[in-house]
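Since the structure comes first, as structure tokens, the remarks are kept for the end.
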Amino acid sequence: MRTIVAGNWKMHTDASGSRALVEHLHEVVPRGASNVEVVVAPPFPFLAQVAEQTRGTRIKVAAQNCHAAEQGAFTGEVSAGMLASIGATYCLVGHSERRQYFGETDALVAKKIMTLLKHGIIPIYCCGENLTERESDRHFDVVADQMKGALGELDSVSLERVVIAYEPVWAIGTGLTASAAQAQDMHAHIRSMLRTHGDVVAATVPILYGGSCKPDNAAAIFSCPDVNGGLIGGAALVAEQFAELIRIAERVKHP
Ligand code: PGA
């Protein structure tokens, strides 16, 4: 099972800031053989530049979104084929900010996932409950429904190529974070859903944790047996913090 530390830059940086952040990452991200994959997801205008800057290094590039269609009259949108053509390896889909501010549903996300897989791009599928859902003890059902809606139509060979990020909405950008026990319980739940598609799927699909993951709480969370790294927002914009999260992930040995 691979471990992934992915940085979601959201709508931050500009051209020179993005270039400088990657240069800084090249200085501080640990080198050498590692079981941890490193991914950065810059905003669209900097994607090609970051792909160039990271070519041949251990840093892989992700888009933050894509359109479900192959191409067409969709002003302002970006296709999976375009992402593949500039060397993107991954694409986030279903992030809670896309769901909340842009009305994205799991049915739409399911289409995006199909298109991405067709173009050889690995979807990082984000799911997670909001605070009301957690407080009313519906979080396991909410995540199960999300997964069924977005991943339910995939056969097991396709499912093996997906990465899942559990991101409790109440922990994103709030400074609140799930406890290690809360993260592990949900990740085990997700793993058991994956197991219904076969042991290979359950043993292959990394499940990342996201939501205010920082160097001071990452060791506890990354050590959970069903946590395979993190999807990092705020701390991914600070090269030293992001590098520290990678080092923590490298130190964690799953039993
Ligand atoms: P955060 O963001 O680390 O700033 O909470 C995580 C995410 O939205 O992916």
Identify all lysines with a Cα-Cα distance to LYS112 below 17 Å; exclude those on the same chain that are fewer than 8 residues away in sequence.
LYS148
Net charge near PHE140: determine it from the other residues with C-beta under 12 Å of the C-beta of PHE140, scoring Lys and Arg +1 and Asp and Glu -1.
-4
So for the pair SER192, LYS253, with labels modelled 7 Å out along Cα→Cβ, what separation do we get in nm?
2.9
Sites matching chymotrypsin sites (Phe, Trp or Tyr not before Pro) across the range 1-83 that sit in DSSP coil, with at most 16 neighbouring C-beta atoms within 10 Å:
PHE74
Check which residues have an amide H placed less than 5 Å from ILE232's amide H, if you skip close sequence neighbours.
ALA6, GLY7, ASN8
Report the net charge of residues surrounding GLU37, where surrounding means a beta-carbon distance below 13 angstrom and charges are Lys +1, Arg +1, Asp -1, Glu -1.
+2
List the trypsin sites (Lys or Arg not before Pro) within the range 217-255 that fall in a DSSP loop (any state other than H, G, I, E or B) and whose Cβ has at most 15 other Cβ atoms within 10 Å.
LYS253
Segments 224-230, 189-195 sorted - mean Cβ within 10 Å per residue, highest first
224-230, 189-195
Could you please report the charge total around VAL201, scoring K, R as +1 and D, E as -1 over all other residues with beta-carbon less than 15 angstrom from its beta-carbon?
0
Using only Cα positions of the range 113-255, each an equal point scatterer, no hydration layer, compute I(q)/I(0) via Debye at q = 0.20, 0.21 Å⁻¹ and quote the log10 values to two decimals.
-1.25, -1.34
Need the list of aspartates and glutamates near LYS60 for cross-linking: C-alpha distance under 20 angstrom, and skip anything on the same chain fewer than eight residues off.
ASP14, GLU23, GLU27, GLU37, GLU52, GLU160, GLU240, GLU244, GLU250
Accessible area of the chain with a 1.4 Å probe: how many percent of it is carbon plus sulfur?
55
Mean-position separation - Cα centroids, the range 80-119 and the range 204-255, in angstrom:
23
Only loop residues by DSSP count here, and only those with at most 12 other Cβ atoms within 10 Å; note down the GluC sites (Glu not before Pro) in the range 41-147 that meet that.
GLU70
So if R0 is 22 Å, what FRET efficiency would PHE74 and VAL157 give, r being the distance between their Cβ atoms, rounded to the nearest 0.05?
0.15
Could you work out how much longer the chain between ALA181 and PHE44 gets when fully extended? Use 0.36 nm per residue separation minus the Cα distance between them, nm to one decimal.
45.8 nm
Take the Cα atoms of the chain, build their convex hull, and give its volume per residue in Å³.
119
Defining a contact as two alpha carbons under 8 Å apart and six or more residues distant in sequence, what relative contact order in percent does the range 3-253 show?
22
Just the number please: accessible area per residue for the range 3-253, 1.4 Å probe, all protein chains included, in Å².
42
If you stretched the chain out fully between ALA20 and LYS118, how much longer would it get, using 0.36 nm times the residue separation minus the C-alpha to C-alpha distance?
32.0 nm
Please compute the contact order of the range 106-242 in relative form: average sequence separation of alpha-carbon pairs under 8 Å and at least six residues apart, divided by the residue count, as a percent.
23
Name the residue, out of SER212, SER79, SER179, whose mean-square fluctuation peaks in a Gaussian network model built on the chain with Cα pairs under 10 Å.
SER179
MET11 versus VAL200, label points 7 Å from Cα toward the beta carbon: distance in nm?
4.2
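The values are calculated or read from the model by the stated rules, or taken from the named source; none is laboratory data. If you're wondering where the values come from, they're calculated on a predicted model, not measured in any experiment. Neighbour counts run over all protein chains shown; Cβ positions are idealised from the backbone, glycine included. We work out accessible area using only protein heavy atoms, side chains counted, and drop any ligands, DNA or RNA first. Shrake-Rupley method; radii C 1.70, N 1.55, O 1.52, S 1.80 Å.
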